[in-house]
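Here is the structure we will look at.
The values are calculated or read from the model by the stated rules, or taken from the named source; none is laboratory data. These figures come from a predicted structure and were not determined experimentally. With ideal geometry, Cβ positions are generated from the backbone for all residues, glycine too; neighbour counts draw on all protein chains shown. Remember, those area values only see protein heavy atoms, side chains included, never the ligands or the DNA or RNA. Shrake-Rupley method; radii C 1.70, N 1.55, O 1.52, S 1.80 Å.
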Amino acid sequence: PPAVPAFNRVDLLRRRSLRQWRVPVPERAPDQRRNFQEIVATLTADQAKAEAARCLDCDTFCSFCVGVCPNLAFFTYSQTPVTWPVPVLAAADGRVAVTGSQPFTVAQKHQVALLADSCNECGNCVTFCPTAGRPYHDKPRFFVNAEEFAAQSDNAFRLLHTGDRWTLQGRFGGELHQLTHGRALEYTTPHLAVKLDPESWVVREARAEPTAPAAPSLEPCAILYALLRGVRGSLPWFPAPEA
């Protein structure tokens, strides 16, 4: 297959700063349409290349919401694309068994998240989103204020630290999940406590409460770890109160 050119962020931002009008659709004149020939013609090779060059590569690097937010609430962070073999668990009578694994993939290097404390939901990001999304609602929402974070039910995160140990809390389905990264990954929920190897994802220890579901999912743990790695690895300025 042909080699994919390296992504050049500066070149992309330069292209985005200039409006490139689309190539007009070639059509037959009205007085030439009294036959069975196609009215809309195909583009020439040069026209097709010019139209394709208008692509803004949103699948590689979007961040439109970062640029249009008047409150500077959005931020772009990066991380190395990765696939982890996340263990599949079964819980019964307080014991936890590993029954297999399923892949969890982070495919895109450049990601966007929201510092929710600075967002007033003005709607600018919705207006400019090229995929008709709601970035202020859909992107990972980070909170500094503990009370605001505790009031959320889903898609809410709070970064904390104690010395050189970093913790990311998350709200999933109205419950608090927490991941601490030290020598191991220490993941806790109201029903589960698991210690994993951060490289191999091998379960070192696991304990389940009687309220634990029969098949507790570690997908929230993988989400927390992906966010923690990305934000900590590329945004050293990010606010993290002491736990």
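Annotations
- Using the Cβ-Cβ distance between ASN120 and ALA92 with R0 set to 41 Å, the FRET efficiency works out to roughly 0.30.
- Here the gap between ARG15 and THR44, fully extended at 0.36 nm per residue and compared with their Cα-Cα distance, gives a gain of 8.2 nm.
- Karplus-based coupling profile of region 126-142, in residue order and whole Hz: 5, 4, 9, 5, x, 10, 6, x, 10, x, 5, 9, 8, 6, x, 9, 9, with θ = phi - 60° in 6.51 cos²θ - 1.76 cosθ + 1.60 and x standing for Gly or Pro.
- Taking the square roots of five times each eigenvalue of the Cα gyration tensor of region 19-136, the equivalent ellipsoid has semi-axes of 46, 25, 14 Å, listed largest first.
- Taking the accessible area of the chain, probe 1.4 Å, and keeping the other protein chains in place, the carbon and sulfur fraction comes to 53%.
- Neighbour net charge for GLU147 - beta-carbon separation under 14 angstrom, K R +1, D E -1: 0
- For the chain, the convex hull spanned by the alpha carbon atoms encloses 215 Å³ per residue.
- Those residues of region 201-243 whose amide nitrogen sits under 17 Å from the label point placed on LEU72, 7 Å along Cα→Cβ: 235-240
- Unit charges at the beta carbon, dipole of the chain: most positive-side option, GLN152, THR131, LEU218: THR131
- The chain: DSSP helices with Cα axial extent of at least 20 Å and average Kyte-Doolittle hydropathy no lower than -0.5: 219-234
- Accessible area of the chain divided out per residue, in Å², using a probe of 1.4 angstrom: 61 Å²
- The 1.4 Å probe gives accessible areas that order ASP117, ASP46, largest first, as ASP46, ASP117.
- Exposure ranking of SER63, SER101 by accessible area [1.4 Å probe, largest first]: SER101, SER63
- Whole-angstrom gap from region 1-68 to region 117-193, using each part's C-alpha centre: 37 Å
- Potential lengthening of the chain between GLU242 and GLU219 amounts to 5.7 nm, from the contour at 0.36 nm per residue minus the alpha-carbon distance.
- Ordering ILE39, ILE223 by accessible surface, largest first, gives ILE39, ILE223; the 1.4 Å probe counts only protein heavy atoms, with every chain in place.
- Other-chain or far-sequence residues with amide H under 5 Å of THR76's (modelled H): none
- Couplings 3J(HN,Hα) for region 171-188, derived from phi with the Karplus relation 6.51 cos²θ - 1.76 cosθ + 1.60 (θ = phi - 60°), are 9, 10, x, x, 10, 8, 10, 9, 10, 10, 10, x, 6, 9, 8, 10, 10, 9 Hz, where x marks Gly and Pro.
- Per-residue HN-Hα couplings for region 82-88 [Karplus 6.51, -1.76, 1.60; θ = phi - 60°; Hz; x = Gly/Pro]: 7, 10, 10, x, 6, x, 9
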